[in-house]
Structure formats: C-alpha cells, structure tokens
1. Taking only the Cα atoms of segment 32-86, how large is their convex hull per residue, in Å³?
2. I want to check a number: in the chain, how many lysine pairs have alpha carbons closer than 28 Å, given a sequence separation of 8 or more or different chains?
3. Quickly estimate the mean residue ellipticity at 222 nm for the chain, helices only: each DSSP H run with n ≥ 4 gives -39500 (n - 2.57), and the total goes over all residues, rounded to 500.
4. In nm², what is the average projected area of the convex hull enclosing the Cα atoms of segment 1-76?
5. Please identify the chymotrypsin sites (Phe, Trp or Tyr not before Pro) of the chain that satisfy two criteria: DSSP loop assignment and at most 12 other Cβ atoms within 10 Å. Which are they?
6. DSSP loop trypsin sites (Lys or Arg not before Pro) in segment 33-86 with at most 14 other Cβ atoms within 10 Å of their Cβ, which ones?
7. Pick from GLN42, GLN63, GLN75: which residue has the top mean-square fluctuation in a GNM of the chain where Cα pairs under 10 Å get a spring?
Amino acid sequence: MKKEYDLKKLKKGRRGPLASPDAKVLKTLRLDPEVLGWFREQGDKQGIPYQTLMNATLRQAMQSSNRNLPEEIRQIIREELARKAS
C-alpha cells in the first residue's frame, strides 16, 4: 500500500441499511424454457423487461385470487337473467 493513503483519516460511522424494505427480492426461480421464452417475447413486444412483465402478471394473479369468484358469478347470472326478462 502506498504511503500517501492514510486510512486513519477515514470517517467511521454506522452504515445505513443496504436495501430499503420496499426493495425487490433476488430469488432463483426455475421455469420451463417455453414459459421464459414467451415472457421474453411478450416483453419485447410491449417494450418492457420480461422480469417486469412476470412481476406484473404474478401480481395480477395474486390480486385476482382475493376476489370472491362465486359472488361475482352470481352477480353475472343475475344481470343476465334480468336482461332476458326485459
């Protein structure tokens, strides 16, 4: 090490968090080649990174799973029956 580097003058302090709590998580995921290929193609067509498209697709599936599907079906049937009765 060169003599002109005086490490004693470095500031010592606490480091902040390395990532914010809202940061995305790096996770290894195994996908079928066809699935990955499809997302890459769709991402290219839409002009967005395929990982962003995958995240959006998974988020949409997650949010739609919270829906009350039986009640939605009943509502559709009621609307259709009302239309037929008119």
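Read-outs throughout are calculated quantities, based only on the coordinates presented, and are distinct from any laboratory measurement. Source: prediction; values computed, not measured. Cβ sites come from the backbone with ideal geometry, for glycine too, and all protein chains shown count toward neighbours.
1. Numbers: hull volume 7.1 nm³, N = 55.
Residue-normalised Cα hull volume stands at 129 Å³.
2. Working: LYS2/LYS11; LYS2/LYS12; LYS3/LYS11; LYS3/LYS12; LYS24/LYS45; LYS27/LYS45.
The result is 6.
3. Details: 3 runs with 46 residues, N = 86.
Mean residue ellipticity, 222 nm, calculated: -17500 deg cm²/dmol.
4. On the way: hull surface 47.7 nm².
Reported value for the Cα convex hull: 11.9 nm².
5. Values: sites: TYR5, TRP38, PHE39, TYR50; in loops: TYR5.
When the chymotrypsin sites (Phe, Trp or Tyr not before Pro) of the chain are filtered for loop state and at most 12 Cβ neighbours within 10 Å, TYR5 remain.
6. Values: sites: ARG40, LYS45, ARG59, ARG67, ARG74, ARG78, ARG83, LYS84; in loops: ARG67.
Passing sites in segment 33-86 are ARG67.
7. GLN75
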